[in-house]
1. Using only Cα atoms, locate the centre of the stretch 10-46 and the centre of the stretch 359-374, then give the distance between them in Å, rounded to an integer.
2. From the P(r) of the stretch 52-169, can you give the percent of Cα pairs sitting at distances over 21 Å?
3. If ligands, DNA and RNA are left out, what is the accessible area of THR134 with a 1.4 Å probe, given in Å² to the nearest 10?
4. Taking every pair of alpha-carbon atoms in the stretch 71-134, give the share separated by more than 19 Å as a whole percent.
5. Please list, or write none, the lysines whose alpha carbon is within less than 20 Å of the alpha carbon of LYS142, excluding same-chain residues fewer than 8 places away.
6. Rounded to two decimals, what is the ratio between the C-alpha radius of gyration of the stretch 319-436 and 2.2 N^0.38 Å?
7. If you filter the stretch 286-363 for trypsin sites (Lys or Arg not before Pro), then keep DSSP loop positions with at most 12 other Cβ within 10 Å, what is left?
8. How much accessible area per residue does the chain have, counting only protein heavy atoms and a probe of 1.4 Å, in square angstrom?
Amino acid sequence: MFKDLNGFIGALDKERELARITDSVSPELEISAVTDRVSKTPGGGPGLLFEQPTGFDMPVAVNLFGSLKRMCMALGVNHLDELAHEIEELATPKIPSGLLDTLKLLPMVNRLRDLMPKTVSDAPCQAVVRKNGTLDEIPILKCWPEDGGRYITFPLVFTKDMETGIRNIGTYRMQVFDGRTTGMHWQRHKGGAQHHRIAERLKRRLAVSVALGPDPALAYSATAPMPEGLDELMLAGFLRRERVELVKCVTNDLEVPANSQIVLEGYVEPGERRREGPFGDHTGVYSHPDDFPVFHLTCITHQRNPIYLTTVVGIPPMEDYYLGKASERIFLPLIRKTVPEIVDMHFPAEGIFHNLVIISIDKRYPGHARKIMNACWGLGQLMFSKTIIVVDKDVDVQNQSEVAWVVGTHYDPERDIQFTRGPVDDLEDASDLPAYGSKMGIDATRKWPSEGFTRAWPKKLSTTAMAAAKAEEQWQKIRKGWRP
Ligand SMILES: Cc1cc2nc3c(=O)[nH]c(=O)nc-3n(C[C@H](O)[C@H](O)[C@H](O)COP(=O)(O)O)c2cc1C
């Protein structure tokens, strides 16, 4: 695993997964345009390191997570499902029945030890401490022409619940208002917003620290939909197979990852709001301007020769799709602890997470698909799912063309659609009201007589094993002489 961002960049270099851009490219629209162009190549294109952002001597790293291969590299696996398997094992430990069995548990015990962060006193991220530093030193991007300004798009925002001391880390964009203040775009449903709510009730200033560019597993963890009250650093420690090292901030009492490239220390005042946006979002459209809390910078600390890690979002697919894919795989075994009938799930890139989720189930009783929809609408950030498609377990939900065929042939519109109302994603633009609207489930499972369907369900076409073997043999011959 990678000690820090530099280690990850070195590995990407070795694997030829990184393009180093030595021409001068401007943080104002140009870096994002290049990133968008590269992201649209099949497979996501390479990671990008802009070594000469115009007007700055700090390199900009972007699209580092923007392919399945690099997402796997970031998390130290060949396939994301390896993590799902490990989590499944950790969440369902078997009672050892002898010495050998007990010894087999040792690696698992070590993984559990990695969940706890530890505090260090000497940290690379504090090699340079600048209490008078300003954001103007960092090549922060303006991504899209009508953006309200420059945005920090990949921050790890650290806060604590003032009553319980429980930490939260989330990735919430920060619009630069001036060298010492930014917006703090934690949406109302998110962990940071809850800590802010508590601070406002207590009429106290909320300490906020922002880590930029820690090691890749840690950077991913801030985007993960961890249940409220569960520390993202536990997930990071598990993923990086080593305890996260934290260091106490210089001007507030929070702790931040010692291996961050840059740390912004500061606070948010109770009651203060400022207009934020518009912002070219991962929905592919500009988010509407709205009032959000304001982050006040008190100190910048950084490594010697830091790299600025950022991301560009826009019309999918872009880098955030691959970050979301990791969450889809990592959280599936955990979701199955509550909803064990779920076999697989898939968030297509075009559905930008909240618009569409496809779920296959081991259907056991009448109305089961509707139970799954309701469970999802009540489960963490899955509550935002505007459309949930439920299919039987023999359907490959990762194959969108198969799903489209199955839905079309399996659902009766009037009978199989379930509507509900409730909280919707802050980025939902089609609902009448912000953050409150309707959602729809499509039951595309085969219907049973106990569900009122008494006709015979038609049999899916397939040939005999013998004819299939002949077809394969003939196809190999046809293929050799065929030039498409
Ligand atoms: C690149 C990127 C940018 C994001 N920007 C925001 C944002 O501005 N506001 C927000 O509330 N969530 C944003 N998110 C989603 C949150 O990071 C995500 O919901 C996370 O789980 C929140 O953590 P929390 O549950 O601890 O609040 C972003 C995610 C990614 C990948």
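The values are calculated or read from the model by the stated rules, or taken from the named source; none is laboratory data. Worth saying up front: this structure is predicted, and the values here are computed from it rather than measured. For neighbour counting, all protein chains shown are included, and Cβ atoms are generated from backbone atoms with ideal geometry for every residue, glycine included. We work out accessible area using only protein heavy atoms, side chains counted, and drop any ligands, DNA or RNA first. Shrake-Rupley method; radii C 1.70, N 1.55, O 1.52, S 1.80 Å.
1. Measuring centre to centre over Cα atoms gives 42 Å.
2. When all Cα pairs of the stretch 52-169 are counted, 68 percent exceed 21 Å.
3. Number for this one is 40 Å².
4. Here the long-distance tail beyond 19 Å is 59 percent of all Cα pairs in the stretch 71-134.
5. LYS142 reaches LYS40.
6. That works out to 1.03 for the stretch 319-436.
7. Hits after loop and neighbour filter: ARG304.
8. That works out to 46 Å² per residue.
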